[in-house]
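The values are calculated or read from the model by the stated rules, or taken from the named source; none is laboratory data. Remember, predicted model here, so these are calculated numbers, not experimental data. Here the Cβ positions follow ideal geometry from the backbone for every residue, glycine too, while neighbour counts run over all protein chains shown. Calculation scope for accessible area: heavy atoms of the full protein, side chains included, ligands and nucleic acids excluded. Shrake-Rupley method; radii C 1.70, N 1.55, O 1.52, S 1.80 Å.
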Amino acid sequence: MKNKMIFGFHAVTSRLRHEASSVEEIFVDATRNDRRMQDLVAHAKSAGVRVMPVEAARLDKIVGTHRHQGVIAFAAQLSLARNLDELLDAVEGPPLLLILDGITDPHNLGACLRVADGAGAHAVIVPKDRAVGLNATAAKVASGAAESVPYITVTNLARTMRELKERGVWLIGTSDDADKGLYEADFTGPTALVMGSEGEGMRRLTRETCDLLVSIPMFGSVESLNVSVASGVCLYEARRQRIAKGA
């Protein structure tokens with residue numbers, strides 16, 4: 001299996017913490033010797049991972065940007081993206097899933113993964129087409145969440161949503177024109193939150209497959225929220241309700 005490139009302190013440190021044996025080698029900026037870099041290098045060496053100091057220009061060339069914070073790792077792909085049935089069978093209590101339809105910006109995807117991890121979502125589900133994919137930029141923005149949240153890619157999103165329904169999962173989509181507000185919905189049972197892309201929103205079939213559409217109340221001059229912010233608002237409302245119910 002082809003190795004995956006990970007860059008940035010959060011992403012690389014998270015991989016070392018969770019699965020150090022999967023890391024083949026780490027390249028670091030030879031000019032950085034601050035405490036943060038010393039800790040990372042010490043952690044890597046204690047795990048038996050080879051650390052190679054190189055010039056910053058070489059790191060820029062490898063990543064294609066200077067936003068790597070002076071650390072790049074190459075590691076094996078992890079098998080977090082399990083099939084949906086296996087995932088649902090392993091979940092204790094009502095599952096909480098995040099479905100992303102048509103997210104093409106890696107920064108948005110990374111931020112969605114980060115908020116999904118923070119809110120305790122059990123998986124992020126995306127379509128194979130019309131999606132950015134979990135690349136190195138998304139993993140960096142996710143700040144380690146790409147290593148902890150199962151990321152499941154499906155060929156047919158509408159079919160997957162129907163299969164979730166058959167498993168008793170309630171599909172709640174977000175739409176600016178929904179009649180029901182976010183805080184009127186019940187998220188305490190098995191739930192999948194469905195988010196569309198900015199501008200276009202959910203595709204027609206995705207929207208029609210949802211059991212319920214809700215809107216996020218807006219009180220200012222902007223009409224909508226960034227998809228990662230909206231995901232955070234919805235997921236944490238679901239988590240709040242579950243805590244209140246003891247679920």
If only one of Asp39, Asp29, Asp34 is acidic (Asp, Glu) and in contact (Cβ under 8 Å) with a residue 40 or more places away in the chain, which one is it?
-> Asp29
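So which residues in the range 69-92 are in a loop (DSSP other than H, G, I, E, B) and modelled with pLDDT of 90 or more?
From the range 69-92, those in a loop (DSSP other than H, G, I, E, B) are 69-70, 76-83, 91-92; that's our starting set.
Selection gives Gln69, Gly70.
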Kindly indicate the residue of the range 207-238 that is among the hydroxyl-bearing types (Ser, Thr, Tyr) and either touching a residue at least 24 places away in the same chain (Cβ under 8 Å) or open to solvent by less than 50 Å² (accessible area, probe 1.4 Å) (or both) and also farthest from Arg162 (Cα to Cα) among those meeting that condition.
-> Ser224
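Which count do you get for residues in the range 1-41 that are in a helix (DSSP H, G or I), under 15 Å from Ser148 (Cβ atoms) and open to solvent by less than 90 Å² (accessible area, probe 1.4 Å)? Reasoning before the result, please.
From the range 1-41, those in a helix (DSSP H, G or I) are 9-22, 35-41; that's our starting set.
Pick out the ones that are also under 15 Å from Ser148 (Cβ atoms) and you get 10-20, 22.
Imposing the further condition that a residue be open to solvent by less than 90 Å² (accessible area, probe 1.4 Å) reduces the set to 11-16, 19-20, 22.
Number of matching residues: 9.
Has the range 45-64 got any residue that is among the polar types (S, T, N, Q) and part of a loop (DSSP other than H, G, I, E, B)?
Keep residues of the range 45-64 that are among the polar types (S, T, N, Q), which gives 46.
Next, from what is left, pick out any that are part of a loop (DSSP other than H, G, I, E, B): none.
For the range 45-64, residues among the polar types (S, T, N, Q) and part of a loop (DSSP other than H, G, I, E, B): absent.
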For the range 146-245, please list each of the helices (runs of 4 or more DSSP H) lying entirely inside it that holds at least 2 residues being out of contact with any helix residue (DSSP H, G or I) (no Cβ under 6 Å at 6 or more places or on another chain) and under 30 Å from Thr13 (Cβ atoms).
-> 227-245
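Condition check ((1) without any contact (Cβ under 8 Å) to a residue 60 or more places away in the chain; (2) among the hydrophobic types (A, V, I, L, M, F, W, C)) across all residues:
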| site | (1), (2) |
| --- | --- |
| Asp129 | yes, no |
| Ala136 | no, yes |
| Leu164 | no, yes |
| Arg167 | no, no |
